[in-house]
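Accompanying notes for the structure given below.
Each reported figure results from applying straightforward, stated rules to the coordinates on display, with no laboratory input. This structure is a prediction, so every number in the text was calculated from the model and none was measured. Cβ coordinates were reconstructed from backbone atoms using ideal geometry, including for glycine residues, and neighbour counts include every protein chain displayed.
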Amino acid sequence: MSTVSNALDIRPARREDAGAVLAFVRELADYERLTHMLVATEERLAEELFRPNSHVEALLGFTGGSPVAFAVFFHNFSTFLGRKGLYLEDLFVRPAWRRQGYGRAMLLHVARIAHQRGCGRFEWAVLDWNEPAIRFYESMGANLLHEWRICRVTGEALERLAAKT
């Protein structure tokens, strides 16, 4: 699946792109001030993204042969809708390439995938301080769900929770 929009060529990431995907993840972590949480490696990403029957997918956006944007997404499920959905884990455009329609092209590409796959919804999270992203998402028709909060358990806390009886 390839799309050209505003001179952006979007294609699924391949195993040999694992290093590029990790570079985008590092840039995103830096932008979101979350580098202290980054433990992914190129090998780990390659295994998770490109193993048979992987449940996560990645897209890369290129212009002039250079990777300038990426998106990572996976299916979830809504019991209320009784249908699968698509969750956008990450969307990132390198700073030098912003405000040229590339974020819009990437978001629309993933939205089309959700629609083509019969998803009942397409959703993602945004940090509350990221006003440019919030304005962008609202301009694309997204509704911010202020009444919902994300719950997360990781690392040792996850181990302790899993061990409870």
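Here are some notes:
- Test for residue 104: is it under 17 Å from the mean Cα position of the chain (by Cα), outside any strand (DSSP E or B) and of a type in the set (D, E, K, R): yes
- Annotation note: Cβ proximity below 6 Å between a residue of the range 133-155 that is part of a helix (DSSP H, G or I) and a residue that is of a type outside the set (S, T, N, Q) (sequence gap 6+ or interchain) occurs for 133/126; 134/126.
- Selection within the range 111-160 - within 22 Å of residue 93 (Cβ to Cβ) and among the hydroxyl-bearing types (Ser, Thr, Tyr): 137, 139
- Some residue of the range 136-144 being acidic (Asp, Glu) and under 15 Å from the mean Cα position of the chain (by Cα): no
Here is a yes/no grid of residues against (1) touching a Phe, Trp or Tyr at 6+ places or on another chain (Cβ under 9 Å); (2) touching a residue at least 40 places away in the same chain (Cβ under 8 Å); (3) surrounded by 14 or more Cβ atoms within 10 Å (Cβ to Cβ):
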| site | (1), (2), (3) |
| --- | --- |
| 31 | yes, yes, yes |
| 41 | no, no, no |
| 49 | no, no, yes |
| 60 | yes, yes, yes |
| 65 | no, no, no |
| 70 | yes, yes, yes |
| 73 | yes, yes, yes |
| 90 | yes, yes, yes |
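- Here residue 115 does not qualify as touching a residue at least 24 places away in the same chain (Cβ under 8 Å) and not in a loop (DSSP other than H, G, I, E, B).
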